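The values are calculated or read from the model by the stated rules, or taken from the named source; none is laboratory data. Just so it is clear, the model here is predicted, and its values are computed rather than measured. Neighbour counts run over all protein chains shown; Cβ positions are idealised from the backbone, glycine included.
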Amino acid sequence: MYIKQLEIDNFKSFANKVDIPMLQGFTTISGPNGSGKSNIIDSILFALGLSTSRTLRAEKLFHLISTYNKRNEAFVKVTFGETEDGDFSVARRIRKSSQGFNSIYYLDDKIATLSDIHAKLEKYNITPNSYNVMMQGDVMSITNCTPGERRKIIDEIAGIADFDRRIEQATNELDTVEKRVVNSTLILNEVNTRLEQLKEEKEVALKYQKLKEEKNGLESQINTVKFFDLRRNIEKAHENILEFTKKKKEEELKSKDLEERLKLIKEKYDEISKTITEKGEGHQLELKQKAEEIKGSIARKNSSIVFADKQIQDNLKTIENTKNGIEVQQGKIKDSELKISLKQDEIKGIEKNIEEQKAVLHKILEDMSGLNETAEKHIEKRNTLRKELEALQDKETKLIQKQAPLEADLSTKKKSLEDARGKLAELEAFKANFSETKASKELLIEQLGKELDDFKIILKNTLYEYDKTKNEITDMDYDLQAARKKIYQLEAVKQANEDANLGRAVDTVIGANISGVHAPLMKLGQVDEEYSTAMEIAVGGRMAHIVVDDEHVASTCIELLKSSNAGRATFVPLNKIVKCPRSLSLPKDKGVIDFAINLIDFDDEYLNAFYYAVGETLVVEDRSVANKLIGKYRMVTLSGDLFEKSGSITGGAVRKTGLKFAQNSDSEIDTLKSRLKDMESKYAALISKRSSLEGKMEDVRGKYSSSTTEFNKAKLELANLETSFANTQQNIDEKQEFIKVTEPEITSIEKTLDKIEEEHIDISEKMTDVQTSITEVEKLMNDADLKDLKEKTAGVEAEIKRYEKNMADANNEIEGLHQRIDFINTTIKTHNDTIERSLGVNKDLELDKAKFAEEIKGLNEQLEVLEIQIKEITDKLGELLKQRDDINKDLVDIETQRNLKASDIEKIAEQIESFKARRRELEPQLEETRSVLTEAGVNINELTPVEMSIEEITSRIQRLQKRMDDLGAVNMKALEDFENVSARQQELHSQIETLSHEREQILERMRGYEDLKKETFLKTYNVINENFKDIFHRLSDGEGTLILENEEKPFEGGLDIEAQPRDKKKQRLAGMSGGEKALTALSFVFAIQKYMPAPFYAFDEVDASLDGINVEKLAHIVQSQAETTQFIVVSHRKPMIESANRTIGVTQKEKGISKVTGVKLRD
């Protein structure tokens, strides 16, 4: 397999499409710095999906699209040749849009996924992690990476990931087992709890069962009562049927009389109708029908005219658009003809240039004819030998082309044979272990099923407890909110009283902190809420009066108010106000509560102040009490009505002044706060319990989900196992047949390749002899003449080829333009046909319109005649129609009577059917009850009515049911569940023991994987190390080796490289020069490639840091390996280019746009 063709279009610097043919062997790509030669390697990586956009030196993927034109897409296609599947191609296209970009892969020109591409390439050992493509910096990344990262390269090649996967798989199995142990333990704990619960439920269930049996006995007596009730109801229904049948017959006789009267009247009606018909009614109906048909025809023809008008307008628009299109196409024809004319002029110029160059070449050859006769003979002999060498090279190429697919086919068949043998061994092992594997899966499914059932029960019980706790929290939350609201309201009232707006004057005085000022009266006393309204009315505005020590303090305060212009206030000097009497005589009338002063709590020093405020005001229950004492006392009712001693009464809606006494609610607030604290404590405990239950539910749900996944996975694996087993024998037969057929084919191909190799050796020897002869002839020639001949002819011949290519390109463009003109002419003809067809259609539509208009005119005339005839007939039949209407009225009356009678008969019939239906309904019930009694062993003939009524039996059943209901929700399954859960308890004990044993087995298996992992790594490492030693010696004439930092535990250490190029000291990689590091890294890469060969290799300037001698050695190694593998190397180093079989040139003639200048082949 090799890259056969590379197509690049609008990718990076390749703005124009280019097809690059690739051959087997050694190919270099060369060109000036910045010409875009590395982009060829980038394009291969891009198309094969082997790298990210950053590795391709682009910040984002769409940055790979060329910016030198307006196209928003890039395309690269790689065609592989000589594969086991024949030629195949891999392509990739990226498009940029306003929404971003998309990337599409193609496999053999069909859309595919990146996974499909990688799967295809992996068959040929091409992966994103292989080392067959080395970009700029990749070589040095090997030297710059850490020893640990370098060791992981060997890990990857040795397939250590597979062992890690097995270890991970075993670890996952171990996690699964340990998880199942945890789950089983959790379930066992829940089972133990469940068993205790079921024990109690079992005892309740036994009590319930006994009551139910007694209830069933009573319910059986209901059937006896029911039997006699049903039989009695059936007999009653039968009597009703007989009675209503007799009544029906009587009504039917009356209906018959009405029918006879109706018949006579109808005959008279028919006679008059016949007379009317004879005198033209039928003809009138015909005329009316005909008139309606004409009206319908007129409407349809008018619609046709409207539709024709629309069609004509649409066709006219089509004609106009088509004519515009023809003008555009004719303009394109003129442009194309002008381009053809210019290209023809260009071809004439190219032909003239070719003739001139041929004349120059002819003159050079004529000038060279002046050489001496001996030189001419040498040149002629050299040319003959070169033709012979070219013929041998062609034979060699054909032989290689024949050999390569055979070798690829051989490699593929060997791999397929190896795969088939491996698969056959797997199938036979699978077949042998099927029964054991199946039994293991079935046992696992059974265990997981039981585990799921257990988790369901745990989840159900936890969810019940969770819902219960949530409801308690909701209730408690409501109570908390209510308590907090109540406390808030009480504290708000208290604070409002404390912060009441007493006015600016009071605030100014209190704020001045004058010595001797106490407070407003409202701040100095407290009242119970019950008396608050009465006290506020009784005190009134005096609540804002300020209590002070004496009149001097009052004067000071008044001066303050004047100076600050803060308003006025009333002051109560304690030393001057009237003293409160030692005792007050309270009236003993019913409804009198107390003197107001006794209902206010205050300090003793303020007694006189509050007496000043309320005096001897009484507090009474209501107005009726106050009315009895009016004129004797100043009084206030609880609702706030004020009775002055003078006899005046003040009342109505109480106005909220904001002036209130503090209420004696502190104790209530304290009680509520204490209760609130207890409730908050309980609430916190409930929240904690809910959180715990949520955690438990989350844990159980997670375990349930995990177990469900495992359960479904196990079921699927079992199904797949059974399906695979059903096809096992067929697959074994197929693999055995494949091996039987393939082994002889491999032998045959190997024999053919041996013969080809013999022919190749023979041709190689002949080529060597001819090349030797050419060298000897060239030695005899004059070097100066030979060089001069080559230099003079080479440039002219290259120029002629360039002109010929340009002329071919121009001819191709002219041909394309001619094809475009032909296509446009065909389009114009189609447009003209469309115009002609539309005009024809419009002409036909105009004729149809005229025709329809003429027909409508005729139809209108016919309609007028018909309407006259209809009127004449209507006038003529007027009297007869009146007589018929009168008879019809009598006819309708009789028919109404008849229908009513028929309705009565029908109702009687419905009643009869209703009784019959009732009888039919009861008869099955009676039969069913009879069957129930018979099945219960009761002899119907000996059955006697039960003395108890259904109500009495039902009452006793209800009492039993109540006793059953008092037992609550009875779990009858507890009788069975108790035994099942007990068995499950024993089963879980056994399961935990088995899982613990299984855990030890998995740990033992993991230790075995670790040993095999190390063995495989060391085997790979040793082979690559030997390869490295050999290649490093060939590159540097020195010695080198790979060194493990920890040979005993290689995965705990890294990988270093120790080397000694010729004539230099031995040192580790870190101490080497840049060139030595590059040489060492390349040796490491080639050692890996030799261990893990790929069908092609692509290197991007890997020789950049090497000196000339080392480049030459590297080139020789590539050259030798290119005999069996394709190498594509980007380089501008002369030794590398000269060692290649061919060189692809890349340049940038236009700024920023790369072009392939050509392919140079070497002998």
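Tabulated values for the structure
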read-out: Tabulated pairs, region 254-266, first among the hydroxyl-bearing types (Ser, Thr, Tyr), second assigned to a helix (DSSP H, G or I), C-beta under 9 angstrom, 6+ apart or interchain; value: SER255/ARG898; SER255/LYS901; SER255/ALA902; SER255/ASP904; SER255/ILE905
read-out: Boolean, SER646 is among the polar types (S, T, N, Q), in a helix (DSSP H, G or I) and either without any contact (Cβ under 8 Å) to a residue 60 or more places away in the chain or over 18 Å from PRO520 (Cα atoms) (or both); value: no
read-out: Count of residues meeting criterion [touching a Ser or Thr at 6+ places or on another chain (Cβ under 6 Å) and farther than 15 Å from LYS843 by Cα] in region 301-317; value: 0
read-out: Tally of residues being more than 49 Å from the chain's Cα centre (by Cα) and in the same structural domain as TYR1021 (by TED's automatic domain parsing) across region 1087-1127; value: 0
read-out: In region 1135-1149, residue surrounded by the fewest Cβ atoms within 10 Å (Cβ to Cβ) [restricted to those that are polar (S, T, N, Q) and under 53 Å from the mean Cα position of the chain (by Cα)]; value: GLN1148
read-out: Test: residue in region 329-345 that is at pLDDT 80 or above and in contact with a Phe, Trp or Tyr (Cβ under 9 Å, 6 or more places away or on another chain); value: no
read-out: Flag for LEU845 being in a helix (DSSP H, G or I) and modelled with pLDDT of 85 or more; value: no
read-out: Condition met for GLU680 (modelled with pLDDT under 75 and outside any loop (DSSP other than H, G, I, E, B)); value: no
read-out: Every residue from region 434-490 that is within 30 Å of SER674 (Cα to Cα) and without any contact (Cβ under 8 Å) to a residue 60 or more places away in the chain; value: ASP467, LYS468, ASN471, THR474, ASP475, TYR478, GLN481, ALA482, LYS485, TYR488, GLN489
read-out: Condition met for ILE294 (over 59 Å from the mean Cα position of the chain (by Cα), assigned to a helix (DSSP H, G or I) and surrounded by 12 or more Cβ atoms within 10 Å (Cβ to Cβ)); value: yes
read-out: Residue ID - nearest to LEU1012 (Cα to Cα), chosen from residues in region 149-183 that are among the charged types (D, E, K, R) and surrounded by 18 or more Cβ atoms within 10 Å (Cβ to Cβ); value: ASP155
read-out: Some residue of region 128-148 being outside the structural domain of ILE1024 (by TED's automatic domain parsing), among the acidic types (Asp, Glu), surrounded by fewer than 16 Cβ atoms within 10 Å (Cβ to Cβ) and assigned to a helix (DSSP H, G or I); value: no
read-out: Total residues in region 1040-1064, condition more than 17 Å from THR1080 (Cβ to Cβ) and surrounded by 18 or more Cβ atoms within 10 Å (Cβ to Cβ); value: 1
read-out: The one condition in (1) in the same structural domain as GLN5 (by TED's automatic domain parsing); (2) aliphatic (A, V, I, L, M); (3) more than 24 Å from the chain's Cα centre (by Cα) that ILE111 fails to fulfil; value: (3)
read-out: Options ILE1057, ILE1043: the member that is farther than 27 Å from THR1125 by Cβ and part of a strand (DSSP E or B); value: ILE1043
read-out: Test: residue in region 853-870 that is surrounded by 14 or more Cβ atoms within 10 Å (Cβ to Cβ) and over 24 Å from SER303 (Cβ atoms); value: yes
read-out: Selection within region 73-93 - in contact with a Phe, Trp or Tyr (Cβ under 8 Å, 6 or more places away or on another chain) and closer than 16 Å to ASN16 by Cα; value: ALA74, PHE75, VAL76, LYS77, ARG93
read-out: Pairs, first more than 18 Å from LEU174 (Cβ to Cβ) and at pLDDT 80 or above in region 1004-1018, second aliphatic (A, V, I, L, M) and in a helix (DSSP H, G or I), C-beta under 9 Å, six or more apart; value: THR1016/ALA158; THR1016/ILE160; PHE1017/ILE154; PHE1017/ALA158; PHE1017/ILE160; LEU1018/ALA158
read-out: Filter result for the condition that a residue is in a loop (DSSP other than H, G, I, E, B) and free of Cβ contacts under 8 Å to residues at least 60 places away in the same chain, over LYS1160, LYS1064; value: LYS1064
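For (1) among the polar types (S, T, N, Q); (2) within 25 Å of SER707 (Cβ to Cβ); (3) not assigned by TED's automatic domain parsing to the domain that holds SER1083, each residue gets a yes or a no:
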site	(1), (2), (3)
ARG150	no, no, yes
GLU156	no, no, yes
ILE160	no, no, yes
PHE163	no, no, yes
ILE167	no, yes, yes
ASP175	no, yes, yes
LYS179	no, yes, yes
SER184	yes, yes, yes
GLU190	no, yes, yes
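Here's the yes/no breakdown for (1) part of a strand (DSSP E or B); (2) outside the structural domain of HIS1132 (by TED's automatic domain parsing); (3) crowded, with 22+ Cβ neighbours inside 10 Å; (4) at pLDDT below 85:
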site	(1), (2), (3), (4)
LEU45	no, no, no, no
THR55	no, no, no, yes
SER89	yes, no, no, no
TYR105	yes, no, no, yes
